[in-house]
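Structure, as structure tokens:
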Amino acid sequence: MFWDTHLHCNFSGDSSADPEDMIRSAIEKNLDGICFTDHIDWDYPGPTPFSFDGEIYFNVLGALKEKYKKQLNIHIGVELGLQPHLKERYAAFVSQFDFDQVIGSSHVVHGFDPYYPEYYVGKTEDLAYREYFECVLENLDIFEDFDVYGHLDYVVRYGPNKNANYTYKKYQDIIDEILIKIIQKGKGIELNMSGYKYGLSHPNPTEEILLRYRELGGEILTLGADAHAPEHVAFDYCRLTGLLKKAGFRYYTVFEKRQAKMIRIP
Ligand SMILES: [Zn+2]
Ligand SMILES: [Zn+2]
């Protein structure tokens, strides 16, 4: 009844998962489908190379899609780490391949990944989190080549106090601006369950932001656990129906060949 359309395998620099193990895990969990969204983060400021060869990616995943077609719907997507100067390169890359879904994410903020403590040096938490959201806005003004914005409040996974002091209200001005811009562009957001895996007790973005997105007229909402290992596919999906209904959603979205399909929530 559900899809997990944000997951990684060993085509991502931070995963060693065999794609076939990810597929088997999804079948065991009775998912209707999955979408591989391996990382491309060109010009990533760190030792991990986040890139893959698109042709090999489609060959390997395409063969698995065929092999498992009777058991699971398998889509092929990508998660792009957006940085303003990459606009043309990413547009060229995306147009070269037949992706089902493109997630645009902010992993690098003005040259730093908030995953690392250096990002927070000399900044209050408020400034560090605001800078992250400002960076999302900058990317929204520049990029068209994505379908949904990934884990909208990713930064709160990694701040020194994580989400202990974080509320939607505190950043309402800028978060509303982001949500309105996403809706106006005809794009969507995702309900990323990995916040639970990181011990935040909330998804990314939080329940309040999902509710606000819906209030503002947002409809396109994909679902994903951002798994980098088979055991995390569809992580905490038992919470999904409750989360979606509470935020006022009757449908969720699956992208196929970049077209949004709305699926009724059971
Ligand atoms: Zn990500
Ligand atoms: Zn991811």
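The values are calculated or read from the model by the stated rules, or taken from the named source; none is laboratory data. Just so we're clear, the structure is a prediction, and the values are computed from it rather than from any experiment. Cβ atoms come from the backbone with ideal geometry, glycine included; neighbour counts cover every protein chain shown.
Tell me, which helices (runs of 4 or more DSSP H) lie completely within the range 125-231 with 3 or more residues that are more than 16 Å from ligand 1 (Cβ to nearest atom) and either modelled with pLDDT of 95 or more or within 25 Å of Lys87 (Cα to Cα) (or both)?
Values: elements: 125-142, 172-184, 194-197, 207-215.
Hits in the range 125-231: 125-142, 172-184, 207-215.
Just to verify a result, which residue in the range 102-124, among those that are assigned to a loop (DSSP other than H, G, I, E, B) and more than 16 Å from ligand 2 (Cβ to nearest atom), is farthest from His6 (Cα to Cα)?
Restricting attention to the range 102-124, the residues satisfying the condition of being assigned to a loop (DSSP other than H, G, I, E, B) are 106-108, 110-111, 113-116, 121-124.
Add one more test, that the residue is more than 16 Å from ligand 2 (Cβ to nearest atom), and what stays is 110-111, 116, 121-124.
Details: His110: 25, Gly111: 24, Tyr116: 22, Val121: 31, Gly122: 33, Lys123: 31, Thr124: 31 Å.
Within the range 102-124, the match that is farthest from His6 (Cα to Cα) is Gly122.
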The range 98-115 residues that are within 23 Å of Lys65 (Cα to Cα) and free of Cβ contacts under 8 Å to residues at least 60 places away in the same chain, paired with ones that are in a loop (DSSP other than H, G, I, E, B) and within 13 Å of ligand 2 (Cβ to nearest atom) (beta carbon under 9 Å, 6 or more apart): none
Close pairs (6 angstrom Cβ cut-off, 6 or more residues apart or separate chains): farther than 10 Å from Tyr129 by Cα in the range 151-171, within 12 Å of ligand 1 (Cβ to nearest atom) and among the polar types (S, T, N, Q) anywhere: His151/Asn192; His151/Asn204
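Yes or no, residue by residue, for (1) hydroxyl-bearing (Ser, Thr, Tyr); (2) touching a residue at least 12 places away in the same chain (Cβ under 8 Å); (3) away from ligand 1 (no atom under 16 Å from the Cβ):
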| residue | (1), (2), (3) |
| --- | --- |
| Pro19 | no, yes, yes |
| Gly33 | no, yes, yes |
| Tyr57 | yes, yes, yes |
| Leu64 | no, yes, yes |
| Leu80 | no, yes, no |
| Pro84 | no, yes, yes |
It is to be established whether one or more residues within the range 66-77 are out of contact with any Pro (no Cβ under 9 Å at 6 or more places or on another chain), without any contact (Cβ under 8 Å) to a residue 40 or more places away in the chain and in a helix (DSSP H, G or I). yes
Quickly run through the range 51-73 and pick out the residues that are surrounded by 15 or more Cβ atoms within 10 Å (Cβ to Cβ) and closer than 20 Å to Ser16 by Cβ. Ser51, Phe52, Tyr57, Val60, Leu61, Leu64
Candidate set from the range 201-235 (those that are more than 16 Å from the chain's Cα centre (by Cα) and at positive phi); member that is farthest from ligand 2 (Cβ to nearest atom): Gly217
Scan (1) free of Cβ contacts under 8 Å to residues at least 24 places away in the same chain; (2) aliphatic (A, V, I, L, M); (3) within 16 Å of ligand 2 (Cβ to nearest atom) for the single condition Leu191 breaks and write down its number. (1)
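If you take the residues in the range 181-198 that are farther than 19 Å from Val233 by Cβ and small (Gly, Ala, Ser), which one is nearest to the chain's Cα centre (by Cα)? Give the derivation first.
Going through the range 181-198, the residues farther than 19 Å from Val233 by Cβ turn out to be 181-189.
Restricting the remaining residues to those that are small (Gly, Ala, Ser) gives 186, 188.
Values: Gly186: 17, Gly188: 11 Å.
This residue is Gly188.
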The lone exception for Val254 - which of (1) part of a strand (DSSP E or B); (2) under 25 Å from Lys169 (Cβ atoms) it fails: (2)
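Is there a residue being of a type in the set (Phe, Trp, Tyr) and in a helix (DSSP H, G or I) anywhere in the range 50-57?
yes
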Among (1) closer than 29 Å to His202 by Cα; (2) buried (at least 20 other Cβ atoms within 10 Å of the Cβ), the one test that Val121 misses: (2)
